[in-house]
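Structure, as structure tokens:
The values are calculated or read from the model by the stated rules, or taken from the named source; none is laboratory data. Everything quoted here is computed from the prediction, not taken from an experiment. So basically every Cβ, Gly included, is an ideal-geometry build from the backbone, and we count neighbours across all protein chains shown.
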Amino acid sequence: MPSTIGSTPVRGAAEPATLARRIGLFFLVVYGVGDIVGAGIYGTIGVAAGAMGNSVWLAFVASMVAAMLTGLTYASISSRYPRAAGAAYVAQRAFGAPLLSHCVGLAVMASGLTSIAAGCNVFAQNLSPLMGGIAPQVLIVAFMLLVSGITFWGIRESMWANLLCTAIEVGGLIFVIAVGSKYWGGVDYLEPARTATGPGALSLSLLLSGAVLTFYSFVGFEDMINVSEEVRDPERTMPWGLVIAVGIATVLYIAVSLTAVSVVDPRQLADPTQGAPLVQITRRAAPWLNPWTFNAITLFAVANTALLNFVMGTRLAYGMARQGLLPRALGAVHPRRRTPHVAILALLGIALTLALTGNIRTLARATSVLLLSVFAIINLALLVLQRRRAEPRGRFEVPAIIPAGGIVVCAVMVVHAKPAELLVTGILLAVILALYLALRPRERVAQRPRDPSTA
């Protein structure tokens, strides 16, 4: 007979559902590659080539080094604290300041939501002409319902959808490299962009400005930590997955940039009236290819970016709720699907609202500034935790110079932000602060039992 005496648990009582650990190293790497590569390289290569000339590949090398500093910090953190909403958790663990942790978590979430909303608009605008002129707003709603449906269905199903989309978008890049490789060696790969007065000079200043342009092509690795609670053996798998994903993206970017300037003049690549950069390449290297092919690939790339950001955002909301930084309801997990269904519904509403409001380019750039600020805070947090003697070590430790270098890189990137972006960033911070005052997470965090590992 079930016992109800004292604090003895009721026999057969259902325990709260938790996220399911169904992601292995392969799917984690695919998740990272899909999130990092996304649709960014399809447009970034033209702008970067216009600024750097034939030496554009050096910009990708420099930005990879800059991004890898923070990437290695995240790899170390993921081996120490493999939790959803890992950035917010680490900030709270290092500094013990709920306001800072709240801002860190919502800044990452804002970046993901604006990426989703921008992706929805690109997807709808590209698909509308192919669908007989259906209103973009209708396609945005249908697209978001599909993305949220896959996310609710399960993490395994989300990873299979990601695998399909990543295979298509990466396959497009590999195709460009394959058809353009016969042109390799035909130009000087150290020649910078020409100026109005003649040939330019390859300098450190030019390299840094090119790295700033291409740095955001590597952003996405930070999202991987938010699926930690669904990864098998995360202390070992997370660091390897992150480093391998950044490495694969780097190889693709360098090969694509070398191919691009070998086939098409950099000034032409930067001219939007000539068409998308990769379309220009295939127009010469593979004239038999239908130019709509890369429009179709772009649809898959955009859809994949939206899906992965939605998965990240829902796990971030779930993790922050479990930490007491957001309302407890967002930490609920569906008993059958093992997904955070309440967080999925909440973020669906926010993402749809943003997507249907129209132009959000300035907002997207502003959230990128916020994201760089988060990177700086997380690098600093790792430095603090490394110096704390009682803090448990992870399986993947990095020397202090790595997070210190990450802080410097992020500061340089923020300095290059435009005044309008800094203004919108300030407005976003004010909104996050208002949410903090309304939600009062400090009270929930104070009521939570102390993590015994911090004692």
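Residues of the stretch 72-91 that are outside any helix (DSSP H, G or I), out of contact with any strand residue (DSSP E or B) (no Cβ under 9 Å at 6 or more places or on another chain) and surrounded by fewer than 24 Cβ atoms within 10 Å (Cβ to Cβ): Tyr81, Arg83.
When restricted to residues that are farther than 23 Å from Met131 by Cβ, out of contact with any helix residue (DSSP H, G or I) (no Cβ under 6 Å at 6 or more places or on another chain) and touching a residue at least 12 places away in the same chain (Cβ under 8 Å), the stretch 274-293 contains 1. Summed over the stretch 156-208, the residues that are at pLDDT below 85, assigned to a loop (DSSP other than H, G, I, E, B) and exposed (fewer than 12 other Cβ atoms within 10 Å of the Cβ) give a count of 5. Against the conditions (1) touching a residue at least 60 places away in the same chain (Cβ under 8 Å); (2) more than 24 Å from Tyr89 (Cβ to Cβ); (3) part of a helix (DSSP H, G or I), Ala296 satisfies every one except (1).
Conditions tested, residue by residue: (1) in contact (Cβ under 8 Å) with a residue 40 or more places away in the chain; (2) surrounded by 19 or more Cβ atoms within 10 Å (Cβ to Cβ); (3) at negative phi.
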{"position": "His334", "(1), (2), (3)": "yes, no, yes"}
{"position": "Val342", "(1), (2), (3)": "no, yes, yes"}
{"position": "Ala351", "(1), (2), (3)": "yes, yes, yes"}
{"position": "Leu380", "(1), (2), (3)": "yes, yes, yes"}
{"position": "Ala404", "(1), (2), (3)": "no, no, yes"}
{"position": "Met413", "(1), (2), (3)": "yes, yes, yes"}
{"position": "Gly426", "(1), (2), (3)": "no, no, yes"}
{"position": "Ala434", "(1), (2), (3)": "no, no, yes"}
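Of all residues in the stretch 212-231, those satisfying the criterion of being modelled with pLDDT of 85 or more, in a helix (DSSP H, G or I) and among the hydrophobic types (A, V, I, L, M, F, W, C) are Phe215, Phe221, Met224, Ile225, Val227.
Filter the stretch 38-70 down to residues that are of a type in the set (Val, Ile, Thr) and modelled with pLDDT under 90, then give me how many there are. Please lay out each step first, then the result.
We begin by selecting, within the stretch 38-70, every residue of a type in the set (Val, Ile, Thr); these are 41, 44-45, 47, 56, 61, 65, 70.
Remaining after also requiring modelled with pLDDT under 90: 41, 44-45, 47.
Residues that pass the stated criteria total 4.
Whether any residue in the stretch 282-290 is surrounded by 22 or more Cβ atoms within 10 Å (Cβ to Cβ), within 24 Å of Ala167 (Cβ to Cβ) and among the β-branched types (Val, Ile, Thr) is what I want to check. Yes, the conditions are met somewhere in the stretch 282-290.
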